[in-house]
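Read through the structure below, which is laid out as structure tokens, and then see the notes.
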Amino acid sequence: MRIGGEVETLFREEQRFHQWWIYAVVLGTAVFAWYAFLREVVLRRPPGGRPSPGWLMVLAWLLVGLGFPWLFLSTRLVVEVREDGLHYRYYPFHRRWHRLAREEIAEAKARHYRPVLEYGGWGIRYGWKGGKAYNVSGNRGVQLVLRDGRKVLFGSRCPEELEAALRKVLRGGRPPRQNA
């Protein structure tokens, strides 16, 4: 149904990275960048006795000490099922929403998958056997097969509900409202 001229959102899920080891790597790398920056630029005591150019230390601190943590803290995958199809945004990599129109989707199936073996990990990934994946954690998701033969997998904490919403939209019905 339309609300104020817009297509109603029937299912919504927002996911963020929550693996402890990712945060440990990000935090460890950022702490090292801060340490090197403070020691060399602020205290003027470079580790090893050979100073790096100041601009290089500032750049490394900005990228690794601030940018890297910001990237992981701000990254999120948002998936919405609306009457006209599946909408998704992998922030901050997607500046706008992307859509797979209902007419493009041939089938949707909830499944377990092996992120590392099938797609090389988490993120926006391309699989070894073809297909694309959008995921941030876990090993469950919904595999879409598009009418042109392409495959797209969306990781999900509640893949059965996502599959049910997509199947009903594909049949032209309205799924029950989901709170995710």
- Task: Give me a count of the residues in segment 12-60 that are touching a strand residue (DSSP E or B) at 6+ places or on another chain (Cβ under 6 Å) and of a type in the set (Asp, Glu).
- Result: 2
- Write out, first by first residue and then by second, each pair whose Cβ atoms fall under 8 Å of each other, whose residues are 6+ apart or on separate chains, and whose first residue, in segment 151-165, is without any contact (Cβ under 8 Å) to a residue 40 or more places away in the chain and farther than 9 Å from Glu13 by Cβ while the second is of a type in the set (Asp, Glu) and not in a strand (DSSP E or B). none
- Message: Could you go through segment 82-98 and let me know if any residue there is surrounded by fewer than 18 Cβ atoms within 10 Å (Cβ to Cβ), assigned to a helix (DSSP H, G or I) and more than 13 Å from the chain's Cα centre (by Cα).
- Response: no
- Query: Among the listed residues Arg39, Arg125, Arg45, which satisfies the condition of being more than 20 Å from Phe11 (Cα to Cα) and part of a strand (DSSP E or B)?
  - Reply: Arg125
- Message: Out of everything in segment 23-43 that is surrounded by 15 or more Cβ atoms within 10 Å (Cβ to Cβ) and of a type outside the set (Phe, Trp, Tyr), what residue ends up being nearest to Phe154 (Cα to Cα)?
- Response: Val26
- Between residues in segment 122-142 that are in the same structural domain as His87 (by TED's automatic domain parsing) and surrounded by fewer than 17 Cβ atoms within 10 Å (Cβ to Cβ) and residues that are β-branched (Val, Ile, Thr) and modelled with pLDDT of 95 or more, which pairs lie under 6 Å by C-beta distance while being six or more apart or on different chains? Lys132/Val152
- Task: Please find, among Pro46, Pro69, the residue that is farther than 22 Å from Gly121 by Cβ, outside the structural domain of Gly138 (by TED's automatic domain parsing) and either surrounded by 14 or more Cβ atoms within 10 Å (Cβ to Cβ) or not aromatic (Phe, Trp, Tyr) (or both).
- Result: Pro46
- Note on the structure: Scanning segment 135-153 residue by residue, those within 13 Å of Arg114 (Cα to Cα) and not aliphatic (A, V, I, L, M) turn out to be Asn135, Ser137, Gly138, Asn139, Arg140, Gly141, Gln143
- Query: Out of Trp55, Trp61, which single residue is surrounded by 14 or more Cβ atoms within 10 Å (Cβ to Cβ) and either more than 24 Å from Pro115 (Cα to Cα) or touching a helix residue (DSSP H, G or I) at 6+ places or on another chain (Cβ under 9 Å) (or both)?
  - Reply: Trp61
- Taking the residues in segment 133-176 that are assigned to a helix (DSSP H, G or I) and hydrophobic (A, V, I, L, M, F, W, C) as candidates, determine which candidate is nearest to Tyr91 (Cα to Cα). Leu162
- Message: Can you tell me which of (1) among the basic types (Lys, Arg); (2) surrounded by 13 or more Cβ atoms within 10 Å (Cβ to Cβ); (3) free of Cβ contacts under 8 Å to residues at least 24 places away in the same chain; (4) closer than 27 Å to Cys158 by Cβ is the one Arg16 doesn't meet?
- Response: (3)
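The values are calculated or read from the model by the stated rules, or taken from the named source; none is laboratory data. All of these numbers come straight from a predicted model, not from anything done at the bench. Reconstructed Cβ throughout: ideal geometry from the backbone, glycine too, with neighbour counts over all protein chains shown.
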